[in-house]
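Take a look at the structure set out below.
Where a number appears in this text, it was derived from the coordinates with a stated rule and is not lab data. Everything quoted here is computed from the prediction, not taken from an experiment. Methodologically, a virtual Cβ is constructed for each residue, glycine included, from the backbone with ideal geometry; neighbour enumeration extends over all protein chains shown.
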Amino acid sequence: MRTLLATLNEPDAAVEDRMIAELDAILGQPLRQTATTGEMLFRQDDSIGGIIILLQGQVELFKRINNQEVIFHSQTAGRILGLLALTRLARAFFNCRTVTAVTYLRVTTADLDRALQQSEKLQYAFQTVLMRSMARRSTRLVELQTEVLALNRNLAQERDALARALQELRQAQAMLVESGKMAMLGQLAAGVAHELNNPVAAINRSADFLQEDLLALAAEWPDNGVLCEMLQRALTRKPLSSREQRARRRALAETLGDVDWAERLCAAGIDDAADFERLSADLPGTPDQRIDRLQRYYQIGQALRGTRNCARRIGDLVKSLRSYSRADSGQTAPVDIHEGLEDTLLLFANRLREVQVEKRFGSIPPVAGSTGELNQIWTNLIANALDAMQNRGTLVLVTEPHGNEVVVRIQDSGPGIAPAHRTRIFEVNFSTRQGRVEFGLGMGLFIVRNILARHHGRIDVESEPGRTVFSVCLPVADKHSIPAANKE
Amino acid sequence: MKKLVILCVEDEGEVREAILRDLALFKPIVRVETADQVDEAKEVLAECAADREPVGLVLCDHLMPGTSGVDFLIELQQNAAYAATRKVLITGQAGLEDTVRAVNEARLHHYIAKPWQAADLQGVVRDQLTEYVLAAVDDPTPYIGLLDGPRLLQHIAATGRDR
């Protein structure tokens, strides 16, 4: 008599053959059925009413999940189908489809029950087949679970890689937008500067011509050179501050004993009573008319001086704007760093009113690079320095040669950079300006670093309260291709 | 008659000269004092106070070294001695925030944007000095010719009836 344990040690084929032989014997050779490839033997939730024993061929067991067929067992389906339905006495758990032509038996639950009661041999064989099928299926489940884990890991890695790529793309995009903005501003500035250049040149020259002609005519004016002297006075005298003017007027009022008259003499650029007597000796009319005339002479000179001064200031500004925004998109040429720093400073003039600017420019050779890009570096660093100092304090610009490099230091007297921030300031979008939109939005130093990378340069920062220094190192332009041209 | 003082605070010499020239027509009734920054403006105010001269109008730039124009006007507003003094900002660089502050805290009377036109500046000065005279001067008669004559006359007639 065989036992269950003995049966469990037999090969599959032997146990299965004995199980079928026993069933045949007890149930009187039940009918063999056949099916071709791709036929459904039963569907999920069918009521099978027994089991199917596969004699030949293969099937697969699958479920539909979210409208997709998921195959759970094909190699591991085993010889007995409808197992889960049998053990649960319920409806089919899987769909069963043939993958080859198959031969099988259908055994109803009642027949199976009867046969098992009659033959102990069948019991052991059936139990063994059942247990092996279940074991195979559960091994398969472990494999599936392992596969899922591996897939999840791959997915997580891919997701991280995508997230990194996305972040890099965003940075690149932000930088493109920022440099696009700068490029557009640069073009606008260059355009405006170009348009302003001709009129301002014309104003400059016209003022010169006016002065030339006026002085020539005044020299021939038959008034003993009074007009000429008054014009020259207004043109050449150092303009007094408002405080000096007031002091002079007070002093004059005291000696003359007449406040109004003192005011009129001052407005006409006349020093004292004797000066007035001398200048007005040959002029016609009352003293009132004479002082009026002298004041008009003086005012003509003042207006001319004002026009010339202001036109020159606009001219300088236009020149700086033009060289600052020179549209040399990425072209490499020998660059005079001092010129770039001066141009940048001039454009910041309205923020420098209360800043003491110390320029310690050394004798440095040109560096190789793009003027426009290097100016962006100076602009960002100076803007940051002024922000840190709130436009009040000392700004030191140092340039010096250092081996094959040029070092540019930009130092401010602001409160310094907190140690915790020091490593983060070069990151994109790092900003201590909370929501204030001024020069940028935390792109500044990130852009500086990128530009320097293109120029094979470096930037370092040292900071303590009251003294923050950004040091930029740039390689000297190739000596063979560039004539040495130093500028103090 | 005491001349009215206009205090012009402006750091650029050329701009000061231009304003002075534009205001020259008020000379018979006005003395224009200039200062190139707020510290100096305060000295001028102290001198005027010592000489008991009426400061009718402060014409002030905004962006200057030291104290800003708006801060100066706010300080002035808080001083009762200058309650009647008219306050005008003449600037090209005051942003919205500063301007709002000037209106709310300094009770700014007028804002002139640079560059200005002579006629506009003269019109603003005429109107503002008229307001000052109406509020702070006992006898407006000497100012009728150069300021807003009809308004001053109306005022004289009205107060005359009251007497």
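A Cβ-based charge dipole, computed about the Cα centre of region A:328-475 with Lys and Arg at +1 and Asp and Glu at -1, lands at about 440 debye. Our analysis of the protein assembly as shown gives Rg over Rh at 1.40, with the two radii drawn from alpha carbon positions and Rh computed by the Kirkwood formula.
About its Cα centre, the protein assembly as shown has a charge dipole of approximately 2520 debye under the convention of +1 per Lys or Arg Cβ and -1 per Asp or Glu Cβ, with nothing else charged.
Centroid-to-centroid, using Cα positions, region B:1-65 and region A:59-92 are 100 Å apart. Restriction of the trypsin sites (Lys or Arg not before Pro) in region A:99-146 to DSSP coil positions whose beta-carbon has at most 11 other beta-carbons within 10 angstrom yields no sites. Have a look at A:GLN171, A:LEU105, A:MET182 and report the one farthest towards the positive end of the charge dipole of region A:88-241, computed about the Cα centre with Cβ charges (Lys/Arg +1, Asp/Glu -1). Among A:GLN171, A:LEU105, A:MET182, the one farthest towards the positive end of the dipole of region A:88-241 is A:LEU105. Once each part is reduced to its C-alpha centroid, what is the distance from region A:182-202 to region B:107-162 in angstrom? Between the Cα centres of region A:182-202 and region B:107-162 lies a distance of 43 Å. With contacts taken as Cα pairs under 8 Å at a separation of at least 6 residues, region A:221-321 carries a relative contact order of 36 percent. What net charge is computed for the residues neighbouring B:LEU129, neighbours being all others with C-beta under 9 Å from the C-beta of B:LEU129, Lys and Arg scored +1, Asp and Glu -1? In short, -1. Under 16 Å from a point placed 7 Å out from the Cα of A:GLN33 along the Cα-to-Cβ direction: which residues of region A:58-93 have their backbone N that close? Answer for region A:58-93: A:58-60, A:80-83, A:85-86, A:92-93.
Evaluate E = 1/(1 + (r/R0)^6) for A:THR108 and A:GLN145, where r is the Cβ-Cβ distance and R0 equals 41 Å; express this FRET efficiency to the nearest 0.05. My answer for the efficiency is 0.75. Of the DSSP H helices in chain A, those that are both long (alpha-carbon extent of 20 Å or more along the helix axis) and hydrophobic (Kyte-Doolittle mean at least 0.0) are A:12-27, A:371-389. What does the charge add up to near A:MET19, with Lys and Arg as +1, Asp and Glu as -1, over the other residues with Cβ less than 9 Å from its Cβ? Surrounding charge for A:MET19 is 0. Could you list the GluC sites (Glu not before Pro) in region A:21-63 that lie in coil according to DSSP, counting only those with at most 14 other Cβ atoms within 10 Å of their Cβ? Answer in residue order: A:GLU39. Its Cα gyration tensor gives region A:328-475 an equivalent ellipsoid. The semi-axes, each the square root of 5 times an eigenvalue, are 23, 17, 15 Å from largest down.
A helix-only calculation puts chain B at -14500 deg cm²/dmol for mean residue ellipticity at 222 nm, using -39500 (n - 2.57) for each DSSP H run of at least four residues, averaged over all residues.
Need the C-alpha centroid separation for region A:102-133 versus region A:136-175, integer Å. Region A:102-133 and region A:136-175 have Cα centres spaced 45 Å from each other. Charged neighbours of A:THR468, selected by a Cβ distance under 14 Å, balance to -2 (K, R count +1; D, E count -1). For region B:4-162, relative contact order (Cα pairs under 8 Å, six or more residues apart, normalised by length) works out to 20 percent. Helical runs assigned H by DSSP (4 residues or longer) give chain A a calculated mean residue ellipticity at 222 nm of -18500 deg cm²/dmol, each run adding -39500 (n - 2.57) before division by the residue total.
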